[in-house]
Amino acid sequence: MRQIPTQTIIDAVKEGVIRANLELGQDVIKAFQNGLKHEQSPVGQEILNKLIENARIAREEEIPMCQDTGVAVLFAELGQEVCITGGEFRAALEEGVRRGYREGHLRKSVCHPFTRENTGDNTPIIVHIEIVPGDRLKLLVIPKGGGSENMSRLFMLAPSAGWPGVKENVVRTVAEAGPNPCPPTIVGVGIGGNFEQCAILAKKALLRPLGTPNSDPDQAKMEDSLLEEINKTGVGPQGLGGRVTSLAVHILMMPCHIASLPLAVNLQCHASRHLELVL
Ligand code: SF4
């Protein structure tokens, strides 16, 4: 059994949330550059250039790329041959986030739903833990902004809605969201499972690096078809018109109940922060 002390987890998560807020992934920057080849609107082109510049400044001057430094979402893949020592696993993740947001001077964005009193340390976190084979701990850290999360949607469609119903609702979600999720977005689509599972699928779909094709050829075709329709809506970068409303559509799909067709659309803004830590 491999032992991982909670202090190692706390330190890694602390650094992870800070770095995720300062360093936009090269896959996202490449997608902006690719978007420039397709965007015809001068304003849209200017915005894409500014996003590339913004990412550079954030990285070089160690300033968060957006004032909304997000709610900390973590996907943890915990090897079944790992033993966490020195404390509780979830508490270690929370402490890492707490220290990262404090020491990295990141905005704390978590509050009571009604009083709106800030919890003061960006906790509680949202964590999804999966037990997997092996002796590693993989953590995917995603600071998730409020604007794009607010425009995400979940639908329990009738099975007869089929692919046309899925397509219509995904495209409508992006079109109705307009500028609110800070486009160009990445569109995570969860299909199947049940009510909560399809929402998790949609969020997990966002983790696939941009430019990596879907391993399922049918789903890859669906993604291309959705992206084409979405980019005909004319929302454009920052909602000011143009072709590049979304950079990519990522689908994750699983079987569902015979009476259901669950669909979740999780929008990710251009500040697509995600960082992988392997311990
Ligand atoms: S939605 Fe994203 S880009 Fe827009 S304010 Fe929130 S974190 Fe920033």
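The values are calculated or read from the model by the stated rules, or taken from the named source; none is laboratory data. For clarity, every value in this text was computed on a predicted model and none was experimentally measured. Here Cβ is always computed from backbone atoms with ideal geometry, including for glycine, and neighbour counts include all displayed protein chains. Areas reflect the complete protein model, heavy atoms only, side chains present, ligands, DNA and RNA absent. Shrake-Rupley method; radii C 1.70, N 1.55, O 1.52, S 1.80 Å.
Its Cα centre serving as origin, the chain has a Cβ charge dipole (Lys and Arg +1, Asp and Glu -1) of approximately 260 debye.
When the Gaussian network model of the chain links Cα atoms closer than 10 Å, the mean-square fluctuations of ALA20, ALA205, ALA92 top out at ALA92.
With a probe of 1.4 Å, find how much accessible area the range 151-214 has per residue, and write the answer as a whole number in Å². Display every interim value, and only then the final one.
On the way: 2630 Å² over 64 residues.
I get 41 Å² per residue for the range 151-214.
Taking only protein heavy atoms and a 1.4 Å probe, the accessible area of the range 20-127 is 51% carbon and sulfur. Mean sequence separation of contacting Cα pairs (under 8 Å, at least six apart), scaled by the length of the range 72-152, corresponds to a relative contact order of 54 percent. Among residues other than ILE142 with Cβ under 9 Å from its Cβ, the summed charge is +3 (Lys and Arg +1, Asp and Glu -1).
Take the Cβ atoms of GLN197 and CYS83, set R0 to 25 Å, and the FRET efficiency comes out at 0.30. Residue-wise HN-Hα couplings along the range 222-228, as the Karplus relation 6.51 cos²θ - 1.76 cosθ + 1.60 with θ = phi - 60° gives them from phi, are 4, 4, 4, 5, 5, 4, 4 Hz; Gly and Pro carry x.
Counting Lys and Arg as +1 and Asp and Glu as -1 over every other residue whose Cβ lies under 14 Å from the Cβ of LEU157, the net charge comes to +2.
Can you give the accessible area per residue of the range 1-132, in Å², using a 1.4 Å probe? For the range 1-132, the solvent-accessible area averages 53 Å² per residue. Lysine pair count for the range 124-247 with Cα-Cα distance under 16 Å and sequence separation of 8 or more or different chains is 5. For the chain, CYS66, CYS83, CYS111, CYS198, CYS256 have no disulfide-compatible partner, since no other Cys C-beta lies under 4.7 Å from theirs. Separation of the range 92-121 and the range 200-279 by C-alpha centroid, Å? Spelled out, the Cα-based centre of one part sits 28 Å from the other. With the highest mean first, a sort of the peptides 162-170, 188-196 on other beta-carbon atoms found within 10 angstrom per residue produces 188-196, 162-170.
What part of the accessible area of the range 181-279, given as a whole %, is carbon or sulfur when the probe is 1.4 angstrom? Let's see the in-between values first.
Values: 2350 of 3970 Å².
Using a 1.4 Å probe with all protein chains present, the range 181-279 comes out at 59 percent carbon and sulfur.
Take each peptide in 51-60, 211-220, count the other Cβ atoms within 10 Å of every residue, and average; sorted highest first, the result is 51-60, 211-220. Relative to the Cα centre, the charge distribution of the range 66-148, modelled as +1 at Lys and Arg Cβ and -1 at Asp and Glu Cβ, gives a dipole magnitude of about 340 debye. Over the residues of the chain, the helix contribution to mean residue ellipticity at 222 nm works out to -13000 deg cm²/dmol, using -39500 (n - 2.57) for each DSSP H run of at least 4.
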